[in-house]
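Nothing in this text is a laboratory measurement; each read-out follows from the coordinates by a stated rule. What you are looking at is a predicted structure, and each value in this text was computed from that prediction instead of being measured. With ideal geometry, Cβ positions are generated from the backbone for all residues, glycine too; neighbour counts draw on all protein chains shown.
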Amino acid sequence: MSADQIILKGMQFYGFHGVNPEERAMGQPYVVDLTVEMNLTVAGISDMLEDTVSYTHLYRVVKDVMEGESKNLLEATAHSITQRILDEFPVLAVRLRVQKLRPPIRGSVIDYAAVDVYRSRD
């Protein structure tokens, strides 16, 4: 990503995503990092919210998906978020990382399982 960026890092949610029935029934914590790419020059000069994308609105999209309808895969969850952001806001690109903090991998200890996706208008 080479353009200007708006970054929301470490957003924490409790969701019910996963293939296993236990994940869908009990849920678990997730951490999401979002970076959107857009030209921030006009907002930097004008100092007006309408010349940028509100990070509150970006947060709400992520929250709606993470705490909304269950998905089987992190990939599908990430796709839903990135597609909504590209559809709803004048951003050039989106990078998103979704971390599942307690993945159901028996016999192993890991910090998290994650997907990291990048989508652009091109």
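If each DSSP helix of 4+ residues adds -39,500 (n - 2.57) and the sum is divided by the residues in the chain, what number results at 222 nm, nearest 500 deg cm²/dmol?
Working: 4 runs with 39 residues, N = 122.
Value at 222 nm, helices only, nearest 500: -9500 deg cm²/dmol.
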Of 81, 61, 16, which is farthest towards the positive pole of segment 5-120's charge dipole, taken about the Cα centre with +1 and -1 on the beta-carbons of Lys, Arg and Asp, Glu respectively?
16
Could you give the dipole magnitude of segment 68-107 about its Cα centre, charging the beta-carbon of Lys and Arg +1 and that of Asp and Glu -1, in debye to the nearest 20?
340 debye
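Show me the GluC sites (Glu not before Pro) within segment 19-109 that DSSP assigns to loop and that have at most 12 other Cβ atoms within 10 Å of their Cβ. Write out the running numbers ahead of the final one.
On the way: sites: 22, 23, 37, 50, 67, 69, 75, 88; in loops: 67, 69.
Counting only loop positions with at most 12 other Cβ atoms within 10 Å, the GluC sites (Glu not before Pro) in segment 19-109 are 69.
Mind checking the full-extension length gain between residue 75 and residue 120? Use 0.36 nm per residue of separation minus the Cα-Cα distance, one decimal, nm.
Details: separation 45, 0.36 × 45 = 16.20 nm, distance 1.62 nm.
Between residue 75 and residue 120, full extension yields 14.6 nm more.
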Nearest 20 debye, what's the magnitude of the dipole of the chain about its Cα centre given +1 on Lys and Arg Cβ and -1 on Asp and Glu Cβ?
500 debye
Karplus-derived 3J(HN,Hα) from phi for segment 109-117 (6.51 cos²θ - 1.76 cosθ + 1.60, θ = phi - 60°), whole Hz, x at Gly and Pro, runs 10, 9, 5, 5, 10, 8, 10, 10, 10
Karplus-derived 3J(HN,Hα), 6.51/-1.76/1.60, for each residue of segment 47-58, Hz, glycine and proline x
6, 10, 4, 5, 9, 9, 10, 5, 5, 5, 5, 4
If Rh is defined by the Kirkwood formula over all Cα pairs and Rg also comes from Cα, what ratio Rg/Rh do you get for segment 5-120?
1.04
So residue 105 and residue 46, fully extended at 0.36 nm per residue minus their Cα-Cα distance, gain in nm 16.2 nm
